[in-house]
Amino acid sequence: GTLMSNAGLIVLRIKQARKSILRGLVLAAVCSQLFAQELPVTTFAVVGDVPYGSSAVAKFPELVSSIENSAVDFVIHIGDIKDGSTSCSDEMITERITAIDAISKPVIYIPGDNEWTDCHRRGAGRFDPLERLGFLRQQAYKVTGQSLGQP
């Protein structure tokens, strides 16, 4: 009832915020290109829905290698580190966050709905979504003001 309605509203707000953040980043990138002669250039990668499903999990090391060998300064991960019906277990969340944290570039991670609001589903383990969000925060934001990834 109320929890799911509130969770749905939170997901809507997160999706709206993610869209606003992405729009702002695109605008910043365009502006930086307009003034590239005067300002230092910052490059970044935006990824999402990875590792998402068994195929993406298998290809994740290749994606990481590509990012690490590129000239990007940092990575923005816009969430969904699992599909909606994959288990939301502590082990799965910890494994995915650890893999993202191992990237040798700073990673700004914004949780997607699949890693917490969809956790109430039978296939995901019937977890309490707010409890999963709390656990996800503990794993992804261990140090306030510090991103995932390696500088």
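The values are calculated or read from the model by the stated rules, or taken from the named source; none is laboratory data. Just so it is clear, the structure is predicted and the values come from calculations on it, not from any experiment. Every residue, glycine as well, gets a Cβ built from its backbone with ideal geometry; the counts of neighbours run over all protein chains shown. Note: areas computed on protein heavy atoms with side chains; ligands, DNA, RNA excluded. Shrake-Rupley method; radii C 1.70, N 1.55, O 1.52, S 1.80 Å.
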Out of the range 111-149, which residues are touching a strand residue (DSSP E or B) at 6+ places or on another chain (Cβ under 9 Å) and aliphatic (A, V, I, L, M)? Ala140, Leu148
Do we have any residue at all in the range 116-136 that's in contact with a Leu (Cβ under 6 Å, 6 or more places away or on another chain) and at negative phi? yes
How many of the residues making up the range 83-135 are within 23 Å of Ala71 (Cα to Cα), of a type in the set (Ser, Thr, Tyr) and open to solvent by 60 Å² or more (accessible area, probe 1.4 Å)? 1
What's the number of the condition Ala28 fails, among (1) hydrophobic (A, V, I, L, M, F, W, C); (2) assigned to a helix (DSSP H, G or I); (3) in contact (Cβ under 8 Å) with a residue 12 or more places away in the chain; (4) farther than 19 Å from Lys142 by Cβ? (3)
Could you please let me know if Gly149 is out of contact with any Cys (no Cβ under 6 Å at 6 or more places or on another chain), small (Gly, Ala, Ser), in contact (Cβ under 8 Å) with a residue 12 or more places away in the chain and on the phi > 0 side of the Ramachandran plot? yes
